[in-house]
Amino acid sequence: MRRAFHPALLAAAALLLTASPSPSDPLWRGWDAGLREASTARRPVLVNVYTDWCGWCKRMDRDVYARSDVRDYLSRKFVAVRLNAEASDAASYEGKAYTERSLASRFRVSGYPTTIFLGANGGHLANVPGYIPADRFLLLLRYVGDGHLDRGVSFDDFVKSAGRAPR
């Protein structure tokens, strides 16, 4: 017996597979609220810089940020912030007013996705451009979140000590 799928059900499934995390996703904070929370909680900030049209951003959302091990580590060690590089929403940084668009420019973001790491005080640590596969991304999170970057350990040395060859 052959079953037919209802077109509305197929459309809903396709939407779920390609959609970015919603602003109500509890993992993500807005820029200003996220920086305040990081300062209070004394945790570093991961900034996911994206655009609505970016296919690699959607893939990162679907394949990396949706993974339970990534989400768990992020929620324990970081304050996660989403920044739409084309939005005109207000954001402030170092006492100056920006839009999300101008803030992305201020951090010299030129491609999407870009992951920015900030210290708990908001100080810029690093930009990592491009799509990063989930296992590699988790290594990067551990490198920053467990303080290896702060201690001056190179990422390559960290990867070697973790028992994995750099890709």
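The values are calculated or read from the model by the stated rules, or taken from the named source; none is laboratory data. Since the structure is predicted, the reported quantities are computational estimates derived from the model, not experimental observations. We place every Cβ from the backbone using ideal geometry, glycine too, and count neighbours over all the protein chains shown. Surface areas here come from the heavy atoms of the whole protein model, side chains and all, with no ligands, DNA or RNA. Shrake-Rupley method; radii C 1.70, N 1.55, O 1.52, S 1.80 Å.
Indicate the gyration tensor shape class of region 25-83 (rounded, prolate or oblate), computed on the Cα atoms with a ≥ b ≥ c the square roots of the eigenvalues: a/c under 1.5 is rounded; otherwise a/b larger than b/c is prolate and the rest oblate.
Oblate, since a/c reaches 1.5 and b/c is not below a/b.
If R₀ is 22 angstrom, what is the calculated FRET efficiency for the pair residue 39 and residue 108, using the beta carbon separation as r and rounding to 0.05?
Computed FRET efficiency for residue 39 and residue 108 comes out at 0.40.
With a cut-off of at most 10 other beta carbons within 10 Å, and DSSP calling the residue loop, which chymotrypsin sites (Phe, Trp or Tyr not before Pro) in region 28-59 qualify? Please list them.
Passing both the DSSP loop test and the Cβ count: 53.
Rounded to the nearest percent, how much of the accessible area of region 34-127 (1.4 Å probe, protein heavy atoms only) is carbon and sulfur?
Summing carbon and sulfur atoms, their accessible area is 45 percent of the total for region 34-127.
Please list 86, 37, 100 in order of solvent-accessible area, largest first, computed with a 1.4 Å probe with all protein chains present.
86, 37, 100
Using a 1.4 Å probe, what is the accessible area per residue for region 49-164, in Å²?
Per residue, region 49-164 has an accessible area of 49 Å².
Sort 75, 110 from largest to smallest accessible area, using a 1.4 Å probe on the heavy atoms of the protein chains.
110, 75
Going by the alpha-carbon gyration tensor, a ≥ b ≥ c the square roots of its eigenvalues, is region 62-131 rounded (a/c under 1.5) or, if a/c is not under 1.5, prolate (a/b greater than b/c) versus oblate?
prolate
Can you list the HN-Hα couplings for region 90-103, worked out from phi with the Karplus curve (6.51, -1.76, 1.60; θ = phi - 60°), rounded to whole Hz and with x for Gly and Pro?
6, 8, 10, 8, 6, x, 10, 8, 9, 9, 4, 4, 6, 5
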